[in-house]
Amino acid sequence: MNIMDFNVKKLAADAGTFLSRAVQFTEEKLGQAEKTELDAHLENLLSKAECTKQWTEKIMKQTEVLLQPNPNARIEEFVYEKLDRKAPSRLNNPELLGQYMIDAGNEFGPGTAYGNALIKCGETQKRIGAADRELMQTAAINFLTPLRNFIEGDYKTISKERKLLQNKRLDLDAAKARSKKARAAEAKAAQLNSSRHEGDNIMLWAEEVTKSDQELRITQSEFDRQAEITRLLLEGISSTHAHHLRCLNDFVEAQMTYYAQCYQYMLDLQKQLGSFPSNFLSNNNQSLSSVQNVSTPSVSESTPLPVAGNSVVTSGFTELKASSGSRKARVLYDYDAANSSELSLLADEVITVYSVLGMDSDWLMGERGTQKGKVPITYLELLN
């Protein structure tokens with residue numbers, strides 16, 4: 001019975017507190033009640049925390065889209081994660097394309113040029129798929145998980161304490177309003193002190209003032225304490241930024257590794273395809289052009305490019321390298337120099353080229369006015 005009485009009293013007290021806060025909040029919105037403003041430092045911390053939360057959510061969601069473009073796959077992974085179960089393993093897009101290419105190549109015949117090329121391309125696509133899977137795993141562990149932990153952990157705690165601070169602030173302002181009303185009523189009763197009855201009213205209002213002042217001191221103390229707790233939590237946002245910076249570096253390194261692997265895989269594939277004869281018969285006995293016409297920009301002297309053009313152009317470069325003279329050459333494509341020893345090129349411009357003893361066979365020295373540097377042969381067409 002006592003327990004029931006206690007629960008009823010507690011429920012009534014909670015209901016009274018909730019009603020008091022609702023009234024105070026409504027009157028503030030209507031401009032009928034005063035509001036205690038937080039200090040500028042605490043307001044700045046609250047704004048910084050909210051900004052961090054919003055941008056962290058956006059970055060996290062867009063990173064998930066980048067790593068897994070398929071929305072259905074993302075939803076499935078989310079469901080399995082919430083069920084605390086491992087998602088079934090399946091081939092990603094590069095791996096699936098690679099498997100199709102390998103199967104097609106085996107069907108057309110590994111001994112045919114097209115079949116052999118399909119198999120080589122398929123194997124490369126599967127390697128890219130494996131690198132893509134490794135990027136997803138590394139990014140999920142080193143980047144997405146810390147961001148998600150902040151949103152679902154630290155920020156939830158901050159939000160809880162922030163809401164509690166708001167309630168304490170409403171309690172404080174409601175106590176201020178009651179104290180102000182009690183003092184006003186006491187002053188009014190003192191002015192009307194013309195009888196014993198009014199004297200009793202003065203005593204009653206004096207007790208009410210004492211009671212409201214005591215309540216005000218308590219609510220002020222609770223508000224100050226909650227403000228300090230919230231401030232300490234919010235000051236941890238700077239540490240969160242530092243931690244997320246380290247996670248961002250890990251994500252960038254993972255991407256660098258991924259793109260470097262993909263680039264190397266494609267270079268190796270290009271060399272393999274470039275080893276095919278320049279002319280061969282396809283499966284239906286129709287002549288196919290050489291795959292050696294495919295070229296990619298070079299990033300260093302150690303990564304040679306396939307020579308574009310026909311044997312006449314090739315012989316022209318060979319003669320130039322064997323001689324000590326120079327020739328005019330037209331630039332075929334734009335080229336960005338990888339370092340200070342190379343010369344950047346613009347398509348259709350004409351430069352002077354010549355060979356230097358000991359230079360790599362895929363490069364020449366180029367001059368444009370007072371500028372000079374190494375240029376890749378595959379970007380040039382010798383002029384008569």
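The values are calculated or read from the model by the stated rules, or taken from the named source; none is laboratory data. Computed from a predicted model, the values in this text were never measured in an experiment. Cβ coordinates were reconstructed from backbone atoms using ideal geometry, including for glycine residues, and neighbour counts include every protein chain displayed.
Observations, loosely collected:
- Taken as a whole, the structure places Ile119 among residues that are assigned by the TED database to the domain that holds Leu248, surrounded by 15 or more Cβ atoms within 10 Å (Cβ to Cβ) and at pLDDT 90 or above.
- Gln286 vs. criteria modelled with pLDDT under 95 and of a type outside the set (Lys, Arg): yes
- Single residue of Asp173, Asp132, Asp154, Asp103 found to be over 33 Å from the mean Cα position of the chain (by Cα) and surrounded by 17 or more Cβ atoms within 10 Å (Cβ to Cβ): Asp173
- Residues that are more than 14 Å from Ile377 (Cβ to Cβ) and touching a residue at least 24 places away in the same chain (Cβ under 8 Å) were ranked within region 345-362; the one that is surrounded by the most Cβ atoms within 10 Å (Cβ to Cβ) is Thr352.
- Residue check, Arg127 assigned to a helix (DSSP H, G or I), over 18 Å from the mean Cα position of the chain (by Cα), among the basic types (Lys, Arg) and within 30 Å of Leu96 (Cα to Cα): yes
Okay, residues lined up against (1) in a helix (DSSP H, G or I); (2) out of contact with any Leu (no Cβ under 6 Å at 6 or more places or on another chain); (3) assigned by the TED database to the domain that holds Arg169; (4) loosely packed, with under 15 Cβ neighbours inside 10 Å:
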| residue | (1), (2), (3), (4) |
| --- | --- |
| Gln24 | yes, no, no, no |
| Glu27 | yes, yes, no, no |
| Leu38 | no, yes, yes, no |
| His41 | yes, yes, yes, yes |
| Ser47 | yes, yes, yes, yes |
| Lys53 | yes, yes, yes, no |
| Ile59 | yes, yes, yes, no |
| Glu64 | yes, yes, yes, no |
